[in-house]
Amino acid sequence: MADNHTGNPSRGQQMREIAEKKSNESTQSYIGLGKVLAEIAREGHYREVTDRRGQPFTSFEQYAEEVLGMRGRKVRYLMTIYERLVEGAGADEEMLERIGWTAASQIARLSQEALSSRAKIERWIAKAEALGHRDLEVEVNAELNRSAAARGQASTLRVEALHRETFHLFKGQYDVVERALALARRLTGSDKKGVLLERMAQDFLDGHAGEGAEKSGSK
């Protein structure tokens, strides 16, 4: 990747350097990263550098994936959290950091009315701290359904029931699971074990995609 500027670093170069540093930090502030990403996208700073072929980046998503190693979905989540909750509604950054970006991305889905005051946002942050990811999603979907109904609009957002599972593990099994949970914690930014288990299960399924169909076809 090449920068098209020389001499003193421009604002865009400074923001890109911060983004690269933050995206590589295991203990990064996801709010801080979302803020920098939002500026780079909004101001078009990504156009000031070239890709591996020496061509200017034509999209922010291409820049984020090639330079920062970040997929579009997570990038959009981080930017939305910053723009809607911090920049737009004045949410407390430390409180948001505490619940992790996965939970914060659910809160950011809420209507403008639900996010119209800091007190309302703090109530949702408190819910996120008390609930697992799935339970929080249920609460958010229910609120969105209520908001749609109040506006006379139909909504079919899913409201799921909670399911609980208890596992008994030997010491060796526990150590393996704890290492997997630690990795999932770094990838999701969440401390909720339901979120971590879902990520682990999804990664396992993605890694064995097609095996079920192959076995079914061989019977």
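Okay, here's what the table says:
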read-out: Burial ranking of peptide ranges 82-91, 168-177 (average Cβ count within 10 Å, highest at the top); value: 82-91, 168-177
read-out: Relative contact order (percent, whole number), region 9-143, Cα cutoff 8 Å, 6+ residue spacing; value: 20
read-out: Sorted largest first, extent of region 29-132 alpha carbons per principal axis (Å); value: 48, 24, 20
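We did not get these values from a lab; they are worked out from the coordinates using the rules stated. What you see is a predicted model; the values in this text were computed from it and never measured. Glycine also receives a Cβ, built like all others from the backbone with ideal geometry; neighbour counts cover every protein chain displayed.
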